[in-house]
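The values are calculated or read from the model by the stated rules, or taken from the named source; none is laboratory data. Everything numeric here is computed off the predicted structure, so don't read it as measured data. Here the Cβ positions follow ideal geometry from the backbone for every residue, glycine too, while neighbour counts run over all protein chains shown. For accessibility, only protein heavy atoms count, side chains too; no ligands or nucleic acids. Shrake-Rupley method; radii C 1.70, N 1.55, O 1.52, S 1.80 Å.
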2 protein chains.
Amino acid sequence: MKVSVIKVGGNVINDEQALSSFLEQFSNLEGAKVLVHGGGKLATAMAQRLGIEPKMVDGRRITDADTLEVVTMVYGGLVNKRIVAQLQAKGTNAIGLTGADGNIIEADKRTGWEIDFGFVGDVRKANAAPIANLLTQGITPVIAPLTHDGKGQLLNTNADTMAQAVAVALGQEGHEVSLRYCFEKAGVLLDVNDDASLVPVLDPKKFEEFKAEGIVADGMLPKLKNAFDAIEASVTEVWLGKVEGLLANDPIGTKIIG
Amino acid sequence: MKVSVIKVGGNVINDEQALSSFLEQFSNLEGAKVLVHGGGKLATAMAQRLGIEPKMVDGRRITDADTLEVVTMVYGGLVNKRIVAQLQAKGTNAIGLTGADGNIIEADKRTGWEIDFGFVGDVRKANAAPIANLLTQGITPVIAPLTHDGKGQLLNTNADTMAQAVAVALGQEGHEVSLRYCFEKAGVLLDVNDDASLVPVLDPKKFEEFKAEGIVADGMLPKLKNAFDAIEASVTEVWLGKVEGLLANDPIGTKIIG
């Protein structure tokens, strides 16, 4: 089966109008699809209202028990269920899930670092079968950035990684997966300030050249590493770009190929 | 297929130890099963922490926009996902849902009353097919007391009614449904203060006699009306009683029959 796995981040989640417009485009996207959403600023705002101070250690954000409670409420409840209800209204039969639901994504509490990140999960395994079963029934999974450890503990988890894990797991089961990361840029750009300098297709050879020439650097490096890892594992194609481009049935953005 | 639909209320949800013990028993219950949970006091406590005053009109509680946000977070996020993660740890492959997820329960915003209840839903229809599909795959739906109107609006909804609607819808599709309402009492009692006076089986004729004699009165009347309605519609049996009795594979409590 052909499946599109779409990751959308905070810049869309935070803005009611951008979210509504995104969901309209997502709903119109043909074929089987999965949405993985980030958290956005709502959890930070809710924590502030509850008088929970952001906990930082060595400049890294920590998920303590209070923060986990907030992200479970906000990502798993408020954000996820609003998206599901809006998609239903647009004719997309969505079902909201965390990694714990149907055991779709198992994770381990992060260890082995100099600091204790608290209740943060590193993905151990995404399970393709329950996701594929929903897709076969015409149901669209909407996944919040939370996983579980299988021992009853929910874990705050990076949505980019979850999207990759879901795409790879589906690919490994023989599905033809298009993974699309929506972000602020039009894709990989020769000139970071000029959307017209978009690189439409990027393969590993060109990626190495771009790195050597300094055309890709900073935040784009881990993002592209992630994308090439997905391709290498089992994903047919990975796209990076803006919502408007990537949600078209013929996407516009940077296509990563193996 | 034989299906148990279990409703559990605030008295269990509010108490971490009672909840854990309930989930252990629920997990051990044989066969296909659905859990419908109430909200409990956590939403009220969270609203207080957020400085949201309970809104009452004519002594009735109103779900305004702020309160809906809180119940969506607490029922749909915190309570539901904690239950799901705990059930996964106990070997039950649970999936947490609101009525919006998979469009399992549609509702209408309550109208026609002298007061406006706000974002409160009256169940229009439960859809058996998506629930039965999950059960067939060995997945256990865990349903939070929220529905949607199909137009993008989430609605705060009574968990007893949602449990009844799910049971009736499954019954109408030919499934053999045992609906079990867990509450504080051992069941229908001849003497309300004596659990030993339990009435093990209640049929419509005996119910009429008990009403005439004043043996059932007050809060038990709507609960039993609800139960007999379920039987009349399509449900095989309805039980009322305490968790300990009703979660046994051979339940102990009051069995309502047609």
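Table for the structure above
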| quantity | calculated |
| --- | --- |
| Cα Rg over Rh - segment B:78-132, Kirkwood | 1.13 |
| Copies compared at A:ASP108 - label distances in nm, ascending, label defined 7 Å from Cα in the Cβ direction | 5.5 |
| Percent accessible area from carbon and sulfur atoms, segment B:2-182, protein chains only, probe 1.4 Å | 43 |
| Spin-label model distance (nm) - A:GLN25 vs B:GLU232, 7 Å beyond Cα toward Cβ | 5.3 |
| For segment B:190-247: Kirkwood Rh in Å [reciprocal of mean 1/r, alpha carbons] | 12.4 |
| Relative contact order of chain B, pairs being alpha-carbon contacts under 8 Å that are 6 or more residues apart, as % | 21 |
| Nearest-first distances (nm) between copies at B:GLU244, label 7 Å from Cα via Cβ | 6.5 |
| Axis-nearest residue in chain B [Cβ, rotation onto A], distance in whole Å | B:GLY77, 1 |
| Average other protein chain Cβ within 10 Å of Cβ, residues A:97-108 | 5 |
| Which of A:ARG110, A:ARG180, B:ARG61, A:ARG82 is most accessible, then next, and so on - probe 1.4 Å | B:ARG61, A:ARG82, A:ARG110, A:ARG180 |
| Over 31 Å (Cα to Cα) - which of A:LYS81/B:LYS41; A:LYS151/A:LYS242; A:LYS242/B:LYS41; A:LYS151/B:LYS125; A:LYS81/A:LYS223; A:LYS185/B:LYS109 fall in this group | A:LYS151/A:LYS242; A:LYS242/B:LYS41; A:LYS151/B:LYS125; A:LYS185/B:LYS109 |
| Largest-first ellipsoid semi-axes for segment A:1-49, taking √(5λ) over the Cα gyration tensor eigenvalues, angstrom | 26, 12, 6 |
| Cα gyration tensor shape of segment A:49-100, rounded if a/c is under 1.5, else prolate or oblate by comparing a/b with b/c | prolate |
| Reduced Cα scattering model of segment B:125-258, Debye log10 I(q)/I(0), q = 0.12, 0.15 Å⁻¹ | -0.51, -0.77 |
| Å³ per residue enclosed by the Cα convex hull of segment B:1-107 | 126 |
| Neighbouring partner chain Cβ atoms per residue of A:136-146, average, 10 Å criterion | 2 |
| Shape category assigned to chain B from the gyration tensor of Cα positions, a/c cut at 1.5 | rounded |
| Kirkwood estimate for the protein assembly as shown, i.e. one over the average of 1/r between Cα atoms, Å | 24.1 |
| Charge dipole magnitude, Cβ of K and R +1, D and E -1 - the protein assembly as shown, Cα centre, debye nearest 20 | 180 |
| Helical contribution to [θ] at 222 nm, DSSP H n ≥ 4, -39,500 (n - 2.57), averaged over chain A, rounded to 500 | -10500 deg cm²/dmol |
| Accessible area (Å², 1.4 Å probe, nearest 10) - B:ASP229 | 70 |
| Kyte-Doolittle mean at least -1.0 and Cα axial length at least 15 Å: DSSP H helices in chain A | A:16-28, A:159-172, A:220-233 |
| Per-residue average of Cβ from other chains inside 10 Å of A:148-156 | 4 |
| Between segment A:99-114 and segment A:28-43, the Cα center-to-center distance that results, in Å | 20 |
| Sites A:LYS205 and A:GLN137, calculated FRET efficiency, Cβ-Cβ separation with R0 25 Å, nearest 0.05 | 0.05 |
| Pseudo-label separations to other copies for B:GLY219 - Cα-to-Cβ vector, 7 Å, nm | 5.4 |
